[in-house]
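Working notes for the structure below.
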Amino acid sequence: MVRLKSRYILFEILYPPADISVEESLSKGDILLSHHRASPAEVSIKAIIQEIRRSLSLNLGDYGSAKCSSLLQLKYFSNRTSTGIIRCHREDCDLVIMALMLMSKIGDVGGLIVNPVKVSGTIKKIEQFAIRRNSKILNLIKCDNEFLINDFKKLENENENENENQNDTD
Amino acid sequence: MCKLKRYQRQRLRAKRIRMLVDLNVPWPQNSYADKVTPQAINNLTKTLTTLHTLGYTHIAINFTVNHSEKFPNDAKMLNPIDIKTRFGELMAQTGLKLYSRITLIIDDPSKGQSLSKISQAFDIVAALPISEKGLTLSTTNLDIDLLTFQYGSRLPTFLKHKSICSCVNRGVKLEIVYGYALRDVQARRQFVSNVRSVIRSSRFRGIVIGSGAMSPLECRNILGVTSLIKNLGLPSDKCSKAMGDLASLVLLNGRLRNKSHKQTIVAGGGDEDDNDVVNDVQGIDDTRTIKVVKRTMDPEQLGHAAKRRKP
């Protein structure tokens, strides 16, 4: 008996800054921060699955969408981090990624990119990958804003010193 | 010994994978007479930052102009994309490497001008034929690095194996622009059929992929693009090469055209111990330090051509 083989796709939703007239800072951390945002409440699990189905039937027709949707589940989606995991058939993995790539909106929310990041055979590995990737990105942002954080610390230290000095004089 | 070699090969491969090239980000100007608004520049900068977030490392900004249009006489006016002053900060902050590219729309070959002057000013020269005569000219004797088409509308003519393959053997690469697949239904339909005929006529050889993203929303990462092109009939190994190796070869070819002797030896510019011409940030024309680089013959990159030349 052959096991049912599936693939897990890790994806994230990016929100590129839309307003053309506003100039933004160009540092690495700020670019990352401006793209990775929390998703609004309208982007729910149900809406995403619906949109994937719609994109599948629009781009691949009845045949493609029926082929893919035999095993198509959204295993996980978090609005806070805008990342999710999709489970699909091993043979139809490419078609699902293609459908994700060709999506330009979810429900009524436009101005987003659905960005497939990684494909893996087990959900455990994909979770580990997601954790590693997010900590890497966090580190980048932290490195970039380090001098700011340090500045705050310096200020705090100075304030404390001043307070101590005042106490001493009292 | 064998282990060492394998290790070296692995390191080489790892180095190659890290490069991700987008050869086509449109410049907001359709001719030399057009004005560039600060808003358009801002939009372009945002597109570049989005591409950076998606993991791209090398990006070429594409200025499309009609071949019959009069080029300015002043050498400084030839290249309106002032990369250093406009995007210098972006390049320094993010480590992106930006290049300039010109695409000539070729309609009637009799009205065309010589390319020698224009190819001095840009890193890459591409041709976009919109008629049968234009296609014949650009596949036979035009000195270009890239051949591209308008994927949103019908191809000028039926593409023949013979002309396209001879063009690829000459070292010219074919470009697929996936931005058209994301615009509207009509453009997408045409895109699919055009890409299929390009892939068929080139026999899977010498294909590179660019985005052609007008706005940040039209950028996609390598995983999505490869699965799209794979579904259109290109083998998957060629897909991943199309955005890495082959595209960087185009960058290398274009830069060596002006700044090397017979495409093998480069003198000038860059860091002293950095022998990698494609990867250096400063560009070859900086006269700060003198660098002599000999281009290595990598049989893997030469591939088909190297085999054929064997006596």
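The values are calculated or read from the model by the stated rules, or taken from the named source; none is laboratory data. Predicted model, so just to flag it, every value in this text is computed and none were measured. Using ideal geometry, Cβ is built from the backbone for each residue, glycine included, and neighbour counts are taken over all protein chains shown.
Details
- For segment B:195-219, the candidate set comprises residues that are among the charged types (D, E, K, R) and at pLDDT below 90; within that set, the residue that is nearest to the chain's Cα centre (by Cα) is B:ARG205.
- Counting residues in segment B:16-37 that are more than 14 Å from chain A (Cβ to nearest Cβ), of a type in the set (Asp, Glu) and outside any loop (DSSP other than H, G, I, E, B) gives one or more.
- Filtered by the rule that a residue be charged (D, E, K, R) and over 17 Å from B:GLY254 (Cα atoms), segment B:117-136 gives B:GLU132, B:LYS133.
- Selected residue (only one of B:ILE106, B:ILE83 is among the β-branched types (Val, Ile, Thr), surrounded by 13 or more Cβ atoms within 10 Å (Cβ to Cβ), in contact with a His (Cβ under 7 Å, 6 or more places away or on another chain) and at pLDDT 80 or above): B:ILE106
- Count - residues of segment B:82-102 that are within 14 Å of chain A (Cβ to nearest Cβ), in contact with a strand residue (DSSP E or B) (Cβ under 7 Å, 6 or more places away or on another chain) and not in a strand (DSSP E or B): 3
- Residue count, segment A:1-59 (criterion: within 13 Å of chain B (Cβ to nearest Cβ), under 20 Å from the mean Cα position of the chain (by Cα) and under 22 Å from A:ILE137 (Cβ atoms)): 21
- Count - residues of segment B:153-191 that are within 18 Å of B:LEU23 (Cα to Cα) and among the small types (Gly, Ala, Ser): 3
- Meets criteria (crowded, with 20+ Cβ neighbours inside 10 Å and closer than 24 Å to A:ASP19 by Cβ) for B:THR53: yes
Okay, residues lined up against (1) within 12 Å of chain B (Cβ to nearest Cβ); (2) within 26 Å of B:PRO235 (Cβ to Cβ):
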site	(1), (2)
A:GLY64	yes, yes
A:SER69	no, no
A:SER78	no, no
A:SER104	yes, no
A:VAL114	yes, yes
A:THR122	no, no
A:GLN128	no, no
A:SER135	no, no
A:ASP144	yes, no
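- Single residue of segment A:1-19 satisfying the filter (surrounded by fewer than 18 Cβ atoms within 10 Å (Cβ to Cβ) and among the aliphatic types (A, V, I, L, M)) that is farthest from B:LEU44 (Cα to Cα): A:MET1
- Leading residue by the ranking (nearest to A:ASN59 (Cα to Cα)) among those in segment B:191-214 that are polar (S, T, N, Q) and touching a strand residue (DSSP E or B) at 6+ places or on another chain (Cβ under 8 Å): B:SER211
- Filter pass, A:CYS88 being over 26 Å from B:ARG183 (Cβ atoms), surrounded by 18 or more Cβ atoms within 10 Å (Cβ to Cβ) and within 13 Å of chain B (Cβ to nearest Cβ): yes
- For segment B:44-78, residues that are away from every other protein chain (no Cβ under 14 Å) and among the hydroxyl-bearing types (Ser, Thr, Tyr) total 2.
- Within segment A:129-144, residues that are within 14 Å of A:SER34 (Cα to Cα) reach partners that are modelled with pLDDT of 85 or more with beta carbons closer than 8 Å, at six or more positions or on different chains, in the pairs A:ILE137/A:HIS36.
- Spans of helices (runs of 4 or more DSSP H) in segment B:151-249 with at least 3 residues in contact (Cβ under 8 Å) with a residue 12 or more places away in the chain and either away from chain A (no Cβ under 13 Å) or touching a Pro at 6+ places or on another chain (Cβ under 9 Å) (or both): B:161-169, B:185-202, B:236-243
- Test for B:ARG257: is it under 15 Å from the mean Cα position of the chain (by Cα) and either surrounded by 17 or more Cβ atoms within 10 Å (Cβ to Cβ) or outside any helix (DSSP H, G or I) (or both): yes
- The set of residues in segment B:1-39 being of a type in the set (A, V, I, L, M), at pLDDT 80 or above and surrounded by fewer than 16 Cβ atoms within 10 Å (Cβ to Cβ) consists of B:ALA33, B:VAL36.
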